Structure formats: C-alpha cells, structure tokens
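Scroll down for the structure; my scribbles are underneath it.
The values are calculated or read from the model by the stated rules, or taken from the named source; none is laboratory data. All figures in this text were calculated on a predicted structure; none of them were measured in a lab. As a convention, Cβ positions derive from the backbone with ideal geometry for all residues, glycine included, and neighbour counts pool all protein chains shown. For the accessible areas, the whole protein counts, side chains as well, though only heavy atoms, and no ligand, DNA or RNA atoms are used. Shrake-Rupley method; radii C 1.70, N 1.55, O 1.52, S 1.80 Å.
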Amino acid sequence: MGHGFGKIILLGEHAVVYGHPSIAAALDNYGAEATARSAKQSVLTIMPWAKSVTTGTPSAPSDAELRHAFESLLSSYAMGALSVRVDVHVNVPAGSGLGCSAAIGVAIVRAIDDLLNIKRSSSEVAALSLNWEKVFHGNPSGVDSAVASHGGFVRFAKGQPLALLHIPRPIHVVVALSNVVARTKDMVAFVSQQLSRNNRRVVSVFEGIESLVNRAQRSVEQGDLDVLGQCLDLNHALLSSLLLSTPELEQLCAEARSAGALGAKLTGSGGGGAIVALASSASSAQSIQERLARLSRQCFTVAVHERSIRESSC
Ligand code: PMV
C-alpha cells in the first residue's frame, strides 16, 4: 500500500517554479492510496473516477496523458518489462490546486516499491514521482511532489533541503473550491510567456512574493496571524497582477474577508481551482466555512499543526 498527501500552498506558487521559496502544508485527510500487484499487462485504475489505462494500448484521448504518465513512471524503474497492476483510490479534488496528481504519483511509486521490496527515502520517492508529474505539469517546481511524499508543514525551494516550519499553535485555514477546474500546465506556461515578454516586471513580482514568503515564515513561527493574513492578501494581489485570478476566486476571497478571514488568496496554479482563507480561531473558521459553502463547489477547514515530516518510506 502506498500513500501520497494532497497539499495547500499558503504562499509562493508560480515563483517557486523559478527557484523562489514557498510555504505549503500537507492535507492529512485528502490524498491517494495505491496498491500494486504483478500482472500480465501494466494497468492503472483510478477510483472513484472509473479511469483505467493499459500501457502500450491506445486509450481515449482524454486518458492519453494519464497513460503517458504511467508509462513514464514505469520506465524510470529501469527493470525492462515491469508488468504491474496498480489500483489507486483518490479523494483530492482534481484540477483544484490541491496537488492531486502529485499525491497519485507518490502513492503509485510507494505501492510499486512495496511490491518490489525497494526501500527509498521520501526525498527519493518525490524525485522519482516527478517523472509522472512532468507529464501533467510540464515544468513542475517539485513542491507538490515533495509535500505529497513528506507530509508536514514546510518551506520548499528547488534544490534546497525541505525545511520544517515551527508553529506555536495550530493554524486554521478554510479551503474553498471554485466551480472552474484549471490546468496547472497551461497556467505555468502562461506565466512563462509573461516572463519572456515582460521580464523585469515578472521578475520583480517574483521578488515581491519571495519577501512575502520570508515575512510569512517569521510570522508563522512567532504565531502572528494578523501579519500572516496580510502576507496572504498581498501574495494574492501579486498573483492577480499575473492575471491568475478569476472573478469567482475574487468573490470567494472577498466573501472570506468579510466573514472575518485575516487574509485570503488563490492557492495553486490559479485560473480556477481553489482559495485558502486564514482564520483567527477554529470558531472563526467555522463561520467563514459556512459563508463560503454557499458560493463554493466544496469547502473544508484544515488545522495546520507542527509535525514531523516523513524522512523515510514505509
Ligand atoms: O495547481 P497545483 O496544485 O498543481 O500547484 C502548482 C503550483 C505551481 O507553483 C503553480 C506549479 C509548481 O510546479 O510549483
């Protein structure tokens, strides 16, 4: 059995693709579970989506990317004809900026490793699962895969060791999904286009995001939720300046703030997907969630705790 966590990015998305830091938390109750067994043909099933792809066999156009990702992951095992059936169950909403594809990729790697009796560290699992993630994201920063594999509440920057964040008490974050699903690959390509057309402007947006991540990290560690909330609002404004927000995401953020959120922003790739709203307490989170439930496709509250990250596979 293999597990991968879903995640929320609190700050730093998009800039993280270009080497800047980000802050993200694993979702304990949303993730993917996978089991693997030897089979005559390599098959991947994903429930409850009722998806099934078989390697080397044409699939429906809508499943071609899924098959390609599975083939790419299997080929990284470098074991010649690895023939395996993998069954996945996922409860992370897809296309919502909550790291669904990374959770599945990590769960698959862990399930196959389990079957083949391969022991890997969580960092190695994350690195291998990037072969899967690249098919869906094009140029992933690796934040989703790292959090899917390690869990915990972390600061991630490409090429740097994952740093665990210390928090004096749990932070209550409301997550609300808009009605539009987004393709991370397209949104990352859209930012890359803006970067090549208007390099100075976009680089300065990324620098602004990095200073917010650093300020937010200090406020998280000091338990200063007011400042953390302001950092979320400002990060949202910078992402909006890259045209990543939508009228629905704006409405969800505005509603969250008027219901008492200390700050709110889009999370993940934008262009649809979800927002996160910071609450001052569990009871405030409940009122914000009640208000957002009327506008949102799905809404839930996460209590982000300090906890250790997973250093080895199990
Ligand atoms: O939309 P999600 O949950 O896959 O988040 C992607 C985060 C980005 O920074 C936009 C892309 C990346 O690879 O880091």
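Within region 73-100, how many residues are touching an Asp or Glu at 6+ places or on another chain (Cβ under 6 Å) and within 16 Å of the ligand (Cβ to nearest atom)? Walk me through how you get there before you give the answer.
Narrowing region 73-100 to residues touching an Asp or Glu at 6+ places or on another chain (Cβ under 6 Å): 89, 99.
Filter once more, keeping what is within 16 Å of the ligand (Cβ to nearest atom): 99.
So the count comes out to 1.
Evaluate the following for Val125: is it at pLDDT 95 or above and more than 16 Å from the ligand (Cβ to nearest atom)? In short, yes. Among the residues here, Ala111 qualifies as among the small types (Gly, Ala, Ser), buried (at least 22 other Cβ atoms within 10 Å of the Cβ) and more than 16 Å from the ligand (Cβ to nearest atom). Listed by position, the strands (runs of 3 or more DSSP E) inside region 215-314 whose residues that are among the polar types (S, T, N, Q) and either surrounded by fewer than 22 Cβ atoms within 10 Å (Cβ to Cβ) or away from the ligand (no atom under 16 Å from the Cβ) (or both) number at least 2 are 298-304. Looking only at residues in region 141-175 that are among the charged types (D, E, K, R) and within 13 Å of the ligand (Cβ to nearest atom), which one is surrounded by the fewest Cβ atoms within 10 Å (Cβ to Cβ)? Among residues in region 141-175 that are among the charged types (D, E, K, R) and within 13 Å of the ligand (Cβ to nearest atom), the one surrounded by the fewest Cβ atoms within 10 Å (Cβ to Cβ) is Lys158.
Restricted to region 176-194, and to residues that are out of contact with any helix residue (DSSP H, G or I) (no Cβ under 8 Å at 6 or more places or on another chain) and under 13 Å from Arg297 (Cβ atoms), which residue is nearest to the ligand (Cβ to nearest atom)? Across region 176-194, the extreme among qualifying residues is Ala182.
Rundown of residues vs (1) out of contact with any strand residue (DSSP E or B) (no Cβ under 7 Å at 6 or more places or on another chain); (2) under 19 Å from Thr184 (Cβ atoms); (3) at pLDDT 90 or above, yes/no style:
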residue	(1), (2), (3)
Ser62	yes, yes, no
Ala103	no, yes, yes
Ile108	no, yes, yes
Asp114	no, no, yes
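Put simply, of Val92, Val106 the only residue that is in a loop (DSSP other than H, G, I, E, B), open to solvent by less than 10 Å² (accessible area, probe 1.4 Å) and within 23 Å of Ser269 (Cα to Cα) is Val92. Checked against the criterion of being over 12 Å from the mean Cα position of the chain (by Cα), modelled with pLDDT under 95 and assigned to a helix (DSSP H, G or I), region 166-185 contains one or more residues that satisfy it.
Any residue in region 125-140 that is surrounded by 20 or more Cβ atoms within 10 Å (Cβ to Cβ) and of a type in the set (S, T, N, Q)? Checked region 125-140: at least one residue is surrounded by 20 or more Cβ atoms within 10 Å (Cβ to Cβ) and of a type in the set (S, T, N, Q).
Restricting Leu66, Leu27, Leu82 to those that are more than 21 Å from the chain's Cα centre (by Cα), among the aliphatic types (A, V, I, L, M) and closer than 28 Å to Asn139 by Cβ reduces the list to Leu82.
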